[in-house]
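The values are calculated or read from the model by the stated rules, or taken from the named source; none is laboratory data. Small disclaimer: the values here were computed from a predicted structure and weren't measured. Heads up, the Cβs are rebuilt from the backbone with ideal geometry, glycines too, and the neighbour counts pull from every protein chain shown. We work out accessible area using only protein heavy atoms, side chains counted, and drop any ligands, DNA or RNA first. Shrake-Rupley method; radii C 1.70, N 1.55, O 1.52, S 1.80 Å.
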Amino acid sequence: MNFALSDDQKLIRDSAENFLADASSSAAVRRAMENDTGYDPALWQRIGAELGWCGTHIPEAHGGLGLSFVELTLLMEQMGRRLVCTPFFSSICLAATALMEAAREDARRRLLPRLASGEMTATLALADSGVDWRPDALTASARRLGSRYVLEGRFRHVPDGASAELLLIPALLERRWALFAVDGKAKDLVRKPLKTLDPTRRIAEVRLDGVGLPEDALLGEGPEVGEGLNRTADFAAIALAAEQLGGAQQCLDLTLAYTAQRVQFGQPVASFQAVKHRCAEMMVMIEAARSVVYGAARVASAGPGTTELSLEAACAKSLASDAFFFCAQEAIQLHGGVGFTWEYDPQLYFKRAQGTSHWFGSTPALHERVASPLLGPAR
Amino acid sequence: MKMSDDEIFRLEVARWLRAHLRGEFECLRHRGGPGDEDAHPELRKRWERELARGGWTCVGWPREHGGRGLSIAQQVIFHEEYARAGGPGRMGHIGEGLIGPTLIAYGTEAQKRRFLPGIVAGTEFWCQGYSEPNAGSDLANVQTRARRDPATGEWVLHGQKVWTSLAHESQWIFVVARSDPESKGNRGLSFLLVPLDQPGIAIRPIKQLTGTAEFNEVFFDGARTAAENIVGQPGEGWAIAMALLGFERGVSTLGQQMHFAHELDLVCEMARVNGAASDPAIRARIAQAWIGLKVMRYNALRMLAGAQDGHLRREAMMYKYYWSNWHRELGKLAMDVLGPDGDVVSDDPTRTRLQQLFLFTRADTIYAGTNEIQLNIIAERALGMPKEPRFEKGKS
Ligand SMILES: Cc1cc2nc3c(=O)[nH]c(=O)nc-3n(C[C@H](O)[C@H](O)[C@H](O)COP(=O)(O)OP(=O)(O)OC[C@H]3O[C@@H](n4cnc5c(N)ncnc54)[C@H](O)[C@@H]3O)c2cc1C
């Protein structure tokens, strides 16, 4: 496995970094947070239409750029650093990946180009419980009615579920896995935006009270859908880990900048060893997570087997979650009183660190995923 | 499917080790690592010569200096296969990994001709004379003195080194000594190569917490070495000493991961056998250890990918801190898996190894830069935070 980034990959990373420093500054994030949808449509427009990020990992045949998962994680890392408020994660990392992994070719051909261009937003409803983000914990069901379908079910926590123009809904159809496309404006679809502790990311409760769907709303069915959705959750976990990694890095950078200029006892607080060691430990956790996130991204871009992918995801996500939370917590601590204010940014990272910590598996759950092949199933 | 050159090379290494690490050498498997360096010294020296006959010493050195001239990728393969086979801690590692590369980079032609062949052949062994009673983390505080004998030009040494691993098994020691008596700190030091077998040197073993003794005190009382046995110029000792430490983070540390993986396997096996595997807290810690191995593996690959541009990058700076703490935690985990059985010494080989792991790994976070010093280095060099204040004597 070659860990060196190509020149093109470096270019993608660096230009994303430059673009977002300005386009997703703290002030911009705070403005977006106050919106109804939780994001700035103008920024989304630029990301989709101007910069073409939405097409990153979508094949060229489906209107994308045909780049790999590595490029996608590089972008996610930079977006995580700047807490970018857009539907990128839900539309691209989740919904587009789900289409690529679990939908039939005709459905992909129809829907992916619209996601790749950023003209349409979408999301994927995964966990019903809101805790277990593995799709095998589903309870939505569908029945056939002539050539149409009727969907019933409830999803408690769907990312960007209230604003997405298209919802991908996994459901059991005659005891088989199936994936449906539901228009955001469909009748009998009830979407309730939830007030989130992390103001930079929106979640909605989604209810399907007998939503009637045309024939072509069925995107795929059978065991491949189940497997594809499980893989989608793992790909998304790796992408989210990259986002967390970026967030963790920014917490360290903010802390370094602040402690370098804050003077107490006649010297910058950054010169106190207790502070230095804490920052060094942040870096160790960040670099450990970075190695594994980049490694997982490389595995993910090489068409991995499902078991391998799920272990990579468990490693990357648990390390990134823990690193992010640790760094966010230390950022607040090492900023002192201003770390506790609304005005300074550490609080935003802290809330996102907590908010993302259990998506696609909490750290204990991911540890168990790693432990069971080594030790046999838990008793 | 056609095998790549690297795959063929891997098979060649594995095959050689299988054929040679047996018979009298069988008992060396997995022995002689850090802290355990005094295990079977004579036999391990013979093993060095066995390796040398197969051309498996100094595999990363250039051919012109007697090495095998392997690419970095092949060096990694060699070290991985060596660890996978349970190859013993290398008696010659200080020569091969530290002083050899230093001489190749900074030595004179005569020094290379004199010293490199003995290292390659496994006939001359080296130890590292850096630490002193008052110069540990603060290595620049070295007090051992070296002066020229005006009659012969020889260097004459007075002073003491401490924690010198394998001094009692070595023929040569490289010494950082103060050659300018007026100097302080890292100025005025010289880097000298000194033969150990002489009247001016006394070596006393120090018993470790393991009950064994791999390290020693080395006393210099008018010890002598020839005028030409200085690396660099007088006064350049600090620069040479630091350059040598740079080689410590070489490719061979990558092979240790295979060794670590083997140790984790033992812990998992023990947990399955004795039922500790049903304890959720143990399961979580074992999972974390496994994830830590992946961190080290991918981190090493990142280091290799970045190796071209020369300077130490972030992932390289955190490497020592990461592996040593990982390893130390594995030692504690092993004991917690053993439970009360771990309190009792027995002749069960797995239990003994896990108990040794527990004790020996306490050294990992001390030698080659303590945890605290590693964090200082990361903070100052990787993160650019302000340097440690220095307190001068007599000032406050
Ligand atoms: C198994 C083993 C083998 C060794 N082999 C060799 C060898 O072959 N050759 C050789 O030269 N040396 C060898 N050493 C010595 C080793 O390099 C030193 O022990 C190490 O550098 C620490 O120095 P010290 O023991 O004097 O501890 P000290 O420097 O006295 O440290 C004591 C404590 O204070 C902390 N401390 C010191 N300075 C700072 C600071 N600035 N900030 C924060 N905390 C600080 C340390 O981290 C440590 O916790 C070996 C040691 C061990 C354990």
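For this structure, a couple of remarks:
- Contact order for region A:54-145, expressed relative to its length and based on alpha carbon pairs under 8 Å spaced 6+ residues apart, stands at 29 percent.
- Under the Karplus curve 6.51 cos²θ - 1.76 cosθ + 1.60, θ = phi - 60°, whole-Hz ³J(HN,Hα) for region A:239-256, x wherever Gly or Pro sits: 4, 5, 4, 5, 4, 4, 4, x, x, 4, 4, 5, 4, 5, 4, 4, 5, 4
- Interface residues in region A:339-379 - accessible area drops by 30 Å² or more relative to the isolated chain, probe 1.4 Å: A:His367, A:Val370, A:Leu374, A:Leu375, A:Arg379
- The peptide list B:361-372, B:123-134, A:324-335, put in order of mean Cβ contacts within 10 Å with the highest first, becomes A:324-335, B:123-134, B:361-372.
- Approximate spin-label separation A:Ala42-A:Asp188, in nm, with each point projected 7 Å along Cα-to-Cβ: 4.2 nm
- Accessible area ranking (1.4 Å probe, heavy atoms, ligands and nucleic acids excluded), largest first, for B:Ile8, A:Ile286: B:Ile8, A:Ile286.
- Other protein chain Cβ atoms within 10 Å, averaged over every residue that makes up B:300-306: 4
- Region B:339-385 and region A:151-179: distance between their alpha carbon centers, rounded to Å: 50 Å
- Chain A: Cys lacking any partner C-beta under 4.7 angstrom: A:Cys54, A:Cys85, A:Cys93, A:Cys279, A:Cys315
- For region B:198-228 and region A:210-241, distance of Cα centres in Å: 69 Å
- The protein assembly as shown, dipole about Cα centre (Lys/Arg Cβ +1, Asp/Glu Cβ -1), debye to the nearest 20: 460 debye
- Top of B:Gly255, B:Gly33, B:Gly292 by mean-square fluctuation, Gaussian network on chain B, Cα under 10 Å: B:Gly292
- Here the accessible area of region A:136-250 is 50 percent carbon and sulfur, with a 1.4 angstrom probe and all protein chains present.
- Solvent-accessible area of B:Val344, all protein chains in place: 80 Å² (probe radius 1.4 Å, heavy atoms, ligands and nucleic acids excluded).
- Each 10 Å bin from zero holds the following percent of Cα-Cα pairs in region A:225-375: 12, 37, 28, 15, 6, 1, 0.
- Kirkwood hydrodynamic radius (C-alpha pairs) into Stokes-Einstein, region B:126-237, 37 °C and 0.692 mPa s, D in µm²/s: 236 µm²/s
- Distance violations [Cα-Cα > 20 Å] among A:Lys317/B:Lys294; A:Lys195/A:Lys351; B:Lys45/B:Lys207: B:Lys45/B:Lys207
- Ranking B:Leu43, A:Leu112, A:Leu245 by how far each Cα lies toward the positive end of the dipole of the protein assembly as shown (charges on Cβ) leaves A:Leu245 at the top.
- Extent along principal axes [Cα atoms of chain A; Å; largest to smallest]: 80, 48, 41
- Residue-span extension gain [B:Thr352 to B:Arg49] - 0.36 nm each, minus C-alpha spacing: 106.2 nm
- Computed [θ] at 222 nm, helices only, for the protein assembly as shown once each DSSP H run of length n ≥ 4 contributes -39500 (n - 2.57): -15000 deg cm²/dmol
- Pairwise centroid distance, computed over Cα atoms, of region A:350-374 with region A:101-130, Å: 25 Å
- Percent of C-alpha pairs per 10 Å bin in chain B, short distances first: 4, 21, 31, 27, 13, 4, 0, 0.
- Under a Gaussian network description of chain A, with springs only between Cα atoms under 10 Å, the residue in A:Leu72, A:Leu43, A:Leu197 that fluctuates furthest is A:Leu197.
- Net charge dipole size for chain A [Lys, Arg +1 and Asp, Glu -1 on Cβ; Debye, nearest 20]: 700 debye
- The local environment of A:Lys10, defined by Cβ-Cβ distances under 12 Å, has a net charge of -4 under the rule Lys, Arg +1 and Asp, Glu -1.
- Against the empirical curve 2.2 N^0.38 Å, the C-alpha radius of gyration of the protein assembly as shown lands at a ratio of 1.09.
- Anchor B:Lys184: lysines whose Cα lies under 28 Å away (excluding residues fewer than 8 positions away in-chain): A:Lys276, B:Lys161, B:Lys387, B:Lys393, B:Lys395
- Association of chains B and A removes close to 3500 square angstrom of accessible area from solvent, both sides included, for a probe radius of 1.4 Å.
- For the protein assembly as shown, the solvent-accessible area works out to 42 Å² per residue, with a probe of 1.4 Å and every protein chain left in place.
- Surface calculation, 1.4 Å probe, protein heavy atoms: A:Val299 sits at approximately 10 Å² accessible.
- Across the accessible surface of region B:126-237, with the other protein chains kept in place and a 1.4 Å probe, carbon and sulfur atoms take up 48 percent.
- Here region A:7-120 is assigned +1 on the Cβ of each Lys and Arg and -1 on the Cβ of each Asp and Glu. Its dipole about the Cα centre then comes out at about 220 debye.
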